[in-house]
1. Report relative contact order for the range 237-343 in percent, whole number only (criteria: Cα-Cα under 8 Å, sequence separation at least 6).
2. Taking Cα atoms, how many degrees apart are the long axis of helix 535-546 and the longest axis of the chain, rounded to 10 and kept between 0 and 90?
3. Taking 0.36 nm per residue of separation and subtracting the Cα-Cα distance, what length does fully extending K444 through D538 add?
4. Tell me, T479, T496, T546 in order of fewest to most beta-carbon neighbours within 10 Å?
5. Any idea what the alpha-carbon Rg over 2.2 N^0.38 Å comes to for the range 237-343?
6. To the nearest 0.05, how large is the calculated FRET efficiency for I268 and K236 if R₀ is 30 Å and r is the Cβ-Cβ distance?
7. Can you work out ³J(HN,Hα) from phi for every residue in the range 285-297, in order, using Karplus 6.51 cos²θ - 1.76 cosθ + 1.60 and θ = phi - 60°, giving whole Hz and x for Gly and Pro?
8. How large are Rg and Dmax for the range 354-432 when only the alpha carbon atoms are used, in Å?
Amino acid sequence: MQKITLLILLVISQIIYAQTKLTETEKLVGTCKVWGFLKYYHPKVANGDFNWDNQLLEVLPKIEQAKTKKEFSLVLENWIDSLGEVKEIVPITPPKDVEYFDKNFDLSWIDSNKLFSKKLSIKLKFIEDNRFQTNEEIGPGYNPFKNGNYFDLKYDNKNSKILWMCMYWNLVEYFFPYKYLMDQKWDVTLEKTIPLVLESKNEDDFYTVIRKMAVKLDDSHVEFAIYKQGRFEDDKRYFPASCKIIGDKMVVMEILGDSLAQADGIKIGSVITKVNDKTIKELITEYRDLYSASNEPVLLDKVVRKILSGYSDNVNVEFFEEGKYITKSMTWFNYHDSHRNEFMKGATKKKDKFKLLDNNIGYVNMGVIKVKHVPDMIEALKSTKAIIFDMRNYPNGTYEEIANFLNAHEENFAIYTYPDFSYPGRFKWTEGTNCGSENKDNYKGKIIVLLNEDSMSQAEWTAMCFQTAGNTTIIGSQTAGADGNVTELDFKEFHTRYSGVGVYYPDKRETQRIGIVPDIEVKPTIEGIQKGKDEVLDRAIKFIETGV
């Protein structure tokens, strides 16, 4: 009796499965995953035997016609069969000398996907076990567009837009090293993005959708630039100074167009409370989902750049001056590029590469000094009691020469995870990078490194290197949390990118999103900026003199 009951239940479940209707989003989620999996796993597809973009465009009408789970799975099964036989190979044995990083790796959807027939899941699992194999070792600079061309995007064609989305989603799914650190699971991003792609009616709509999709990487390296005239193109009119958000206000940090700033009475420390009648808090909320950032300080920096640029010549800016709110109708200009000298009478001050401060303390501006200057820096500062390396900027590849001066021994300071093309989605640990050398005459004084949210990528990596000297103290605030080489994605009318290599300390501590954690945390204050103080530098000098 029990066997008969089980048989009846099985038959009923199969009937329900076969007749269950699917939404368009459900079908496209499944299709996107299968297309990407076959692109990187199927031996003939990964080898380039098919125009895989066209294959997707040809199968999408069939997917659209499929109404039930059974019909949907059958379309995918027939598609796989049309690609030819996948030969069974000797079981692939993981190399003994390779340590895998698997926090990004997840093919569980092959078996657990409720849309797939058992037969389809078996086919996909067989392809995984007999997948494309390559000896290609990849690292910085690999070609993410292998076997694809995504430059002729047709914005009025639904399937063309779906193709681009599938390409980008799978590229991140298999080759973005920090997928596991996203706030929102990448699967969820796919489910939420598909309806928006389908609803987009023009180029600007589509750019907005894919920009918001890229934001979900939570990666400070992610940028999005449009080459043609459009809503999110690099803007052409600018506020004449750079600013930082402190609390719910925006504070002028550096004058960039001094004649313009002077005309409106703007100086370092000027406090901005509104732009075009919107508070800074309101503007942050408005732009938050348009910029990808590993952490909040970098997000605020990116939002500031958006707030301080636009297409309008005339902008109303509210300042808080001497206890009063004052609104000024400003004219913004393009003082960048060819127009720079027209508005830069004396704002750009020459910055010292290195110098000697009071009390025998050395100072090095890591954003200015270059490799050719390092020998002179060493000669000038080798007898100081401390050297402050100001890395609130982007260095010029000087880490090796400076580390040879600072370190007594060669030290490993960073290890990496690279994608494994023989098993996409998996990453390999590498031995990493060393710095320093055997040097008994190494620098014996205190080493101070100043960092903040402007310290990104090479700056964070260089700070990791300097930490190996053993007598290094990090002072400042949270860094950008985007360490590693960048993978550039350059299209016909727009450009984006993301961190392409995972970077970790030798003990496998993470740097992505966290950044380089300061030993002493110090942030600028509005009062300090207005008094002309560099509170981070002042704190470093205090630490050198007192030890606390």
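Computed from the coordinates by the stated procedures, all read-outs in this text should not be read as laboratory data. Keep in mind that this is a model prediction, so the values were computed, not measured. Counting neighbours? That spans all protein chains shown, and the Cβs are built from the backbone with ideal geometry, glycine included.
1. Result for the range 237-343 is 31 percent.
2. Taking Cα atoms only, the helix is inclined about 70 degrees.
3. Extra length from K444 to D538 when fully extended: 31.7 nm.
4. T546, T496, T479
5. Against the empirical 2.2 N^0.38 Å value, I get 1.03 for the range 237-343.
6. My answer for the efficiency is 0.75.
7. Rounded to whole hertz, the list is 4, 5, 9, 4, 8, 10, 10, 8, 8, 6, 7, 5, x.
8. According to the Cα coordinates of the range 354-432, Rg and Dmax are 17.4, 58 Å.
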